1. Could you give the distance between the Cα centres of region 73-88 and region 1-64, to the whole Å?
2. Using a Gaussian network model of the chain whose springs link C-alpha atoms within less than 10 Å, name the residue from Thr235, Thr202, Thr157 with the highest mean-square fluctuation.
3. Using just the helices of the chain, give the 222 nm mean residue ellipticity in deg cm²/dmol: DSSP H runs with n ≥ 4 each add -39,500 (n - 2.57), and the total is spread over all residues, rounded to 500.
4. What spacing in nm lies between the two simple spin-label points modelled at Glu249 and Asp120, each 7 Å away from Cα in the Cβ direction?
5. Going through region 1-33, which trypsin sites (Lys or Arg not before Pro) have at most 10 other Cβ atoms within 10 Å and a DSSP loop state?
6. I'd like the distance separating the alpha-carbon centroids of region 93-167 and region 190-258, in whole Å.
7. Anyone know which of Gly214, Gly145, Gly225 comes out most mobile in the 10 Å Cα GNM of the chain?
8. Give a quick list of trypsin sites (Lys or Arg not before Pro) in region 92-176 that DSSP marks as loop, anything other than H, G, I, E or B, with at most 13 other Cβ atoms within 10 Å.
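Throughout, read-outs are computed from the coordinates displayed, never taken from laboratory work. What you are looking at is a predicted structure, and each value in this text was computed from that prediction instead of being measured. Cβ sites come from the backbone with ideal geometry, for glycine too, and all protein chains shown count toward neighbours.
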Amino acid sequence: MSEKTWKTAITKIEPNKVAVRGYRIDELMGQVPFSQVVYLVLRGELPSEAHGKMMDAILVSSVDHGATPPSALAARTVASGGAPLTTAVAAGIMAINRYHGGAIEGCMRVLLDLVAYKHDQGLDAATAARQKMAEFRAQKIRVPGYGHRVHSDDPRTKRLFAIAEEVGLAGEYVEMAHALRAALKDSLGRDLPMNVDGAIATVLCEMGFPPEMGNGLFAIARVAGLVAHVTEEQTRERPMRRIHPTAHEYDGPEERSL
């Protein structure tokens, strides 16, 4: 092997064979759900049953959130200018950043720090959260993952935490997430429920994901919604229109049950 050869442990390509993390893709097809293959690609191993169910729920939770988030508006605007689908979707992905989807990584870092602090100081979760919250207030640090511009009780958060309980993944990070919410309420004087970014951050910590991957998982999920928005923009709307972020109305199917 040449000294200039670089290495990758993700995918091996040979004539008539494609293997991801050692598993042949043609054998994964039809046998392993896409969400679990995402886990495999990112973590190097197929997930346990609990992690697989949690990963699927995470990706579904962020597939779309309407036409008003920055990613959807950016994608539709670029599509309206005549760009092809992939370019418009890329524009939407580029809008995912610190304040849109980026709260996942930020909240993961806060929770990881808080749990480590709890262990180092020999504290319970509530005390650790209160002490750290005092530091955050003194340093004017905004805690990501709490509060939402639309939802006062985000149904996606409730469902993610319920699934975490069902599959046995509700551990010290879930406990700390609740303790931090209480500390925020005591400090700010108002209740800021955890949003879906914070819930995803919490369960990703429980699953051992590094925080650097948090925003990537949000982007993976949101691509599906962006493809739908761009396609709708290209097929239903006139080019070069003025897109007002809230001047739209839903005309899709009525609410239905599984």
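1. Here the two parts' Cα centres lie 29 Å apart.
2. Among Thr235, Thr202, Thr157, the largest GNM mean-square fluctuation belongs to Thr235.
3. My calculation for the chain gives -17500 deg cm²/dmol from helical runs alone.
4. It works out to 5.6 nm between the two label points.
5. Lys4, Lys7
6. 19
7. Answer for the Gaussian network model of the chain: Gly225.
8. Sites meeting the loop and neighbour criteria: Arg98, Lys140, Arg142, Arg149.
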